[in-house]
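J.: Would you mind keeping the following structure in view while I ask a few things?
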Amino acid sequence: MILLPALVVVQPLQNFLYLGGHGNGRTYGMSAVQNIVQILDVQIDAETDCDLLLLPAVPFSRLMKNNIYLENFIYKRTTEHFSDVIAGIERTFFMTLPQRIAAFLLDEAADTGSDELTLTQEAIARSIGSAREAVSRSLKKMNKDGSIQISRGSIRILDKSRLYEMMNTF
């Protein structure tokens, strides 16, 4: 079991498996990591500072069975994470790249409580499952139309209504 309030990327072989999300004090339960680590040769990189708690599965399972509050907490967090995964899949299949970027930027602004986002284009691309070059092109268009302002390592949202409009245009 892993509890982490940060972005963690697990790399099996040459592919990325995205687990968790940006921190902001949130806690994620990732029991699946243990199974992945046992099956694959992996490298785990924390892209932000985080606290990592590794617990053996069997004792933790016993603890959950004996503590309804812990069990409820873990199931709730797992359900929330699964909902985020499903939402990400829906966005990938049913939204254009600019729509996915707009949704991502709006979500990040809501999560951080700020319109000034400290993000690289590479981090955005990885988070939405796209190529950095394609994300860069879309961000430049959004910058040109006045929705955002791009600077090295950060993006400032200038017009949220335009991003919402972009996100909901089919």
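J.: Could you tell me how many of the residues in the range 111-137 are among the β-branched types (Val, Ile, Thr) and not in a loop (DSSP other than H, G, I, E, B)?
T.: Residues meeting the conditions: 4.
J.: In addition: For the range 89-103, check the following and say yes or no: at least one residue is at pLDDT 90 or above, part of a helix (DSSP H, G or I) and among the small types (Gly, Ala, Ser).
T.: yes
J.: Sticking with this one: Let me confirm something: among SER83, SER161, SER151, SER130, which residue is farther than 30 Å from MET64 by Cα, hydroxyl-bearing (Ser, Thr, Tyr), open to solvent by 30 Å² or more (accessible area, probe 1.4 Å) and under 16 Å from the mean Cα position of the chain (by Cα)?
T.: Just a single option satisfies the conditions, and that option is SER130.
J.: Looking only at the range 141-157, count how many residues are outside any helix (DSSP H, G or I) and either among the acidic types (Asp, Glu) or in contact (Cβ under 8 Å) with a residue 40 or more places away in the chain (or both).
T.: Adding up the residues that qualify gives 6.
J.: Here's another thing I want to ask about it. Hey, any hits in the range 64-71 for a residue that's touching a residue at least 12 places away in the same chain (Cβ under 8 Å) and either hydrophobic (A, V, I, L, M, F, W, C) or open to solvent by less than 50 Å² (accessible area, probe 1.4 Å) (or both)?
T.: no
J.: Same structure, new question: So GLU108 passes all but one of these: (1) surrounded by 13 or more Cβ atoms within 10 Å (Cβ to Cβ); (2) of a type outside the set (Ser, Thr, Tyr); (3) not in a helix (DSSP H, G or I). Which condition number does it fail?
T.: Tallying (1) surrounded by 13 or more Cβ atoms within 10 Å (Cβ to Cβ); (2) of a type outside the set (Ser, Thr, Tyr); (3) not in a helix (DSSP H, G or I), GLU108 fails exactly one: (3).
The values are calculated or read from the model by the stated rules, or taken from the named source; none is laboratory data. The structure displayed is predicted, hence computed values, not measured ones. Please note: Cβ atoms are built from the backbone with ideal geometry, for glycine as well, and neighbour counts cover all protein chains shown. Only protein heavy atoms, including side chains, enter the accessible area calculation; ligands, DNA and RNA are left aside. Shrake-Rupley method; radii C 1.70, N 1.55, O 1.52, S 1.80 Å.
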